[in-house]
Amino acid sequence: RPHRRLVTPSYPAGHPLWAYAQAFLLAELAPGRRAAFEALGEEIRLSREVLGAHYPSDGAAARAVAQRLLAACRRSPAFRADLAAARREWAGM
């Protein structure tokens, strides 16, 4: 059976973008687990490359966009307030 060609945009890679965004955000709540969260983002990025859905540059761009997304969110007073509330909630768990 021939390989079916993907016909969707791949730059930046969507699955890794959201995986990294979630990893970076969760690391804000549980800094001690940052390495584990980021490793999962890397696994998702690599899985998309192995499947042939993305080039390495697609995943690298996804990571960069996710980092910039979180940086942009940090500039929002509402985001900072929500993050502080989430940290307090997580600390009580």
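The values are calculated or read from the model by the stated rules, or taken from the named source; none is laboratory data. Quick caveat: nothing in here was measured; it's all calculated off a predicted structure. Ideal geometry is used to build each Cβ from the backbone, glycine not excepted, and the neighbour counts take in all protein chains shown. Ligands, DNA and RNA are excluded from the accessible area calculation, which covers all protein heavy atoms including side chains. Shrake-Rupley method; radii C 1.70, N 1.55, O 1.52, S 1.80 Å.
Brief remarks follow.
- Selection within the stretch 69-81: residues that are at pLDDT 95 or above and charged (D, E, K, R). The member of this set that is surrounded by the fewest Cβ atoms within 10 Å (Cβ to Cβ) is ARG75.
- Hey, ALA86 surrounded by 13 or more Cβ atoms within 10 Å (Cβ to Cβ) and within 14 Å of ALA13 (Cβ to Cβ) or not: no
- Long-range neighbours under 7 Å by Cβ, at least six apart or interchain, first residue closer than 10 Å to PHE24 by Cβ within the stretch 61-78, second surrounded by 13 or more Cβ atoms within 10 Å (Cβ to Cβ) and among the aromatic types (Phe, Trp, Tyr): ARG63/TYR20; ALA66/TYR20; ALA66/PHE24; GLN67/PHE24; LEU70/PHE24; CYS73/PHE79
- Verdict on ARG1 being open to solvent by 70 Å² or more (accessible area, probe 1.4 Å) and either of a type in the set (Lys, Arg) or at pLDDT 90 or above (or both): yes
- Where a residue in the stretch 26-47 is farther than 15 Å from ALA86 by Cβ and its partner, wherever it lies, is assigned to a helix (DSSP H, G or I) and open to solvent by 80 Å² or more (accessible area, probe 1.4 Å), with Cβ under 6 Å and at least six apart: ILE44/HIS15
- Complete set of residues in the stretch 48-59 that are out of contact with any helix residue (DSSP H, G or I) (no Cβ under 7 Å at 6 or more places or on another chain) and either in contact (Cβ under 8 Å) with a residue 60 or more places away in the chain or open to solvent by less than 60 Å² (accessible area, probe 1.4 Å) (or both): GLY52, ALA53, ASP58
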